[in-house]
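Novice: The structure's right below; bear with me while I get my questions together.
The values are calculated or read from the model by the stated rules, or taken from the named source; none is laboratory data. Just so you know, these numbers come straight off a predicted model, no measurement behind them. Neighbour counts run over all protein chains shown; Cβ positions are idealised from the backbone, glycine included.
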Amino acid sequence: MATAEMETTIDDFDLSTHNGCVTMTNPETGQHRTVKIKTQKDDAKFAPGERIISILSGPCNETDFRGFGFVKDGGRVAVWSRHRGTALEKIARMIEDPSRFHARGIEFQVEGRCIVCNRKLTDPESIRLGIGPVCRGE
């Protein structure tokens, strides 16, 4: 199946205002991590109206996200105390200032949707191609 390559960059995503997912990839190791920024509904039981940053922590890229901080005004990430000094705090700094880490070779991609089934794409190759592995027949 032929696919049109789609390029989505961090320049399209303003941490201070946008909700959505960003996948960060280290091309040297091939490892990647996906974070989601979501504004809580005003009537939510936990942190109503707050913007929460969470990390993809399981196989389902729609529901398996674990919160680790708040996104504050100006795009600053306030990491929850239990996550300070962990890898999640480093990820928060990466998403706050992607240009600093891009210079070190880290690649950032804003989420995409599969052109066939409209499922959220969080794998770097799937984001680049615009189609997920199931719809590609892999």
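Novice: Which of the helices (runs of 4 or more DSSP H) found entirely inside region 43-133 contain at least 3 residues meeting this: closer than 21 Å to T17 by Cβ and at pLDDT 90 or above?
Specialist: 87-96
Novice: Go over the candidates S57, S81, S99 one by one and state the one that is exposed (fewer than 14 other Cβ atoms within 10 Å of the Cβ) and under 14 Å from the mean Cα position of the chain (by Cα).
Specialist: Going through S57, S81, S99 in turn, just one is exposed (fewer than 14 other Cβ atoms within 10 Å of the Cβ) and under 14 Å from the mean Cα position of the chain (by Cα): S57.
Novice: Limited to region 42-74, what total is found for residues that are within 30 Å of P133 (Cα to Cα) and touching a residue at least 40 places away in the same chain (Cβ under 8 Å)?
Specialist: Within region 42-74, residues that are within 30 Å of P133 (Cα to Cα) and touching a residue at least 40 places away in the same chain (Cβ under 8 Å) number 4.
Novice: Could you check how many residues of region 8-55 are closer than 18 Å to D97 by Cβ and charged (D, E, K, R)?
Specialist: 5
Novice: Is it the case, given these coordinates, that G30 is assigned to a loop (DSSP other than H, G, I, E, B), closer than 23 Å to V134 by Cβ and free of Cβ contacts under 8 Å to residues at least 60 places away in the same chain?
Specialist: Yes; evaluated as a whole, the condition is true for this residue.
Novice: When G132 is evaluated against the numbered criteria (1) in contact (Cβ under 8 Å) with a residue 24 or more places away in the chain; (2) buried (at least 18 other Cβ atoms within 10 Å of the Cβ); (3) not charged (D, E, K, R), which criterion, by number, is the only one it fails?
Specialist: Result: G132 passes all but (1).
Novice: Could you identify the single residue in G69, G49, G137 that is of a type in the set (G, A, S) and in contact with a His (Cβ under 9 Å, 6 or more places away or on another chain)?
Specialist: On inspection, the qualifying residue turns out to be G69.
Novice: Filtering region 12-54 down to residues that are over 12 Å from the mean Cα position of the chain (by Cα) and closer than 13 Å to M94 by Cβ, which residue is surrounded by the fewest Cβ atoms within 10 Å (Cβ to Cβ)?
Specialist: Here the answer is Q31.
Novice: Pull up region 102-127, narrow it to residues that are over 16 Å from Q31 (Cβ atoms) and charged (D, E, K, R), then point me to the one that is nearest to the chain's Cα centre (by Cα).
Specialist: Restricting to residues being over 16 Å from Q31 (Cβ atoms) and charged (D, E, K, R), the top hit is E111.
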